[in-house]
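The values are calculated or read from the model by the stated rules, or taken from the named source; none is laboratory data. The model shown is predicted, which means the values in this text are computed figures rather than measured ones. Cβ placement follows ideal geometry from the backbone for every residue including glycine, while neighbour counts extend to all protein chains displayed. Side chains included, ligands, DNA and RNA excluded: accessible areas come from the protein's heavy atoms. Shrake-Rupley method; radii C 1.70, N 1.55, O 1.52, S 1.80 Å.
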Amino acid sequence: MAQYIQVCDEEGEEPIEIPSEDDGSLLLSTLAAQFPGACGMKYRNPSTGNFRGIRLSEGMLHPPDGVWGNFTYIVVFPKGEKTF
């Protein structure tokens, strides 16, 4: 089932809600339409305080543990190429 995922380009910024696909995945092209140059996403794990990367496979980002939840995800850009 499609859902909206909260995404921002920097931690603490106001997020944009981006729609997932019906299977729950997020197309990298959908992410890149809002954040040009994006190559992935990460989020802060509340139990450890560390960042966790989101799995990317065949152009699709997959939710951690099968659900996006109420996390705010942060866009990952290639090092040295942030476009904002």
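Within region 8-20, none of the residues are out of contact with any Lys or Arg (no Cβ under 8 Å at 6 or more places or on another chain), of a type in the set (A, V, I, L, M) and touching a residue at least 24 places away in the same chain (Cβ under 8 Å).
Could you check region 1-39 and list, in sequence order, the residues that are part of a helix (DSSP H, G or I) and under 18 Å from residue 69 (Cα atoms)? 31 - this is the single residue of region 1-39 that is part of a helix (DSSP H, G or I) and under 18 Å from residue 69 (Cα atoms). On the basis of being free of Cβ contacts under 8 Å to residues at least 12 places away in the same chain and small (Gly, Ala, Ser), does residue 49 make the cut? Against the criterion (free of Cβ contacts under 8 Å to residues at least 12 places away in the same chain and small (Gly, Ala, Ser)), residue 49 qualifies.
Residues in region 49-70 that are open to solvent by 40 Å² or more (accessible area, probe 1.4 Å), within 16 Å of residue 2 (Cβ to Cβ) and modelled with pLDDT of 95 or more: 60, 62.
When restricted to residues that are open to solvent by less than 40 Å² (accessible area, probe 1.4 Å) and modelled with pLDDT of 95 or more, region 38-48 contains 4.
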